[in-house]
Amino acid sequence: MPGLPAPGLSPMSAPYWRAAGERRLLIQRCGDCGTHRHPPTPACYACGSLAIDWDEVAGTGRVYSFVWTHRPVVEFFENLGVYNVAVIELGGTEGEPVRILSRVNGVDRDSLVVGLEVRVDFDPIDDEIALPVFVPLP
Ligand SMILES: [Zn+2]
């Protein structure tokens, strides 16, 4: 999506954004106990370890929550009209559920519902990074 505002990359978040640029969804995982966590943080909430791994996940999940936005807070989104912001709960992770704040493309007010099964897709931001978004499973 040309013109999509870029996130601020930090040493902690850069692997997530750069993998998305390669159309891969990486979720941070504890290097000691294996607990997944998102957004990326320096320490594991389960065991306190500072050992960080990254795990490429399948990127399938379900809509946990969503809202339709009528008044965008970022100027870029004004061109989208009314759009959704959704929380996606990923499948196949360890520990507390991993939830990603994103959006679901290819849905309307009737088809976007809590529990909708989705898979990850990627909206390129520039040549290096992309925004993980979601689309309904067929
Ligand atoms: Zn841990």
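The values are calculated or read from the model by the stated rules, or taken from the named source; none is laboratory data. The model shown is predicted, which means the values in this text are computed figures rather than measured ones. Every residue, glycine as well, gets a Cβ built from its backbone with ideal geometry; the counts of neighbours run over all protein chains shown. Side chains included, ligands, DNA and RNA excluded: accessible areas come from the protein's heavy atoms. Shrake-Rupley method; radii C 1.70, N 1.55, O 1.52, S 1.80 Å.
Overview of values
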item	result
Flag if G3 is at pLDDT below 95 and loosely packed, with under 13 Cβ neighbours inside 10 Å	yes
Members of the stretch 1-45 found to be touching a strand residue (DSSP E or B) at 6+ places or on another chain (Cβ under 6 Å) and charged (D, E, K, R), listed by number	R23, R24, R29, R37
Contacts under 9 angstrom Cβ, first residue in the stretch 50-72 being without any contact (Cβ under 8 Å) to a residue 12 or more places away in the chain, partner open to solvent by less than 60 Å² (accessible area, probe 1.4 Å), 6 or more apart	L50/G31; L50/A43; L50/C44; P72/Y83
Filter result for the condition that a residue is at pLDDT below 95, open to solvent by 80 Å² or more (accessible area, probe 1.4 Å), over 21 Å from E117 (Cβ atoms) and aliphatic (A, V, I, L, M), over V73, V82	V73
Residue check for I27: of a type in the set (A, V, I, L, M), within 16 Å of the ligand (Cβ to nearest atom) and out of contact with any Asp or Glu (no Cβ under 8 Å at 6 or more places or on another chain)	no
Scan of the stretch 36-67 for residues that are farther than 17 Å from T93 by Cβ and away from the ligand (no atom under 16 Å from the Cβ), ordered by number	S65, F66, V67
Filter result (in contact (Cβ under 8 Å) with a residue 40 or more places away in the chain, more than 27 Å from Y45 (Cβ to Cβ) and surrounded by 15 or more Cβ atoms within 10 Å (Cβ to Cβ)) within the stretch 105-121	L112, L116
Some residue of the stretch 94-101 being in contact with a Ser or Thr (Cβ under 7 Å, 6 or more places away or on another chain), open to solvent by 30 Å² or more (accessible area, probe 1.4 Å), in contact (Cβ under 8 Å) with a residue 24 or more places away in the chain and closer than 17 Å to L26 by Cα	yes
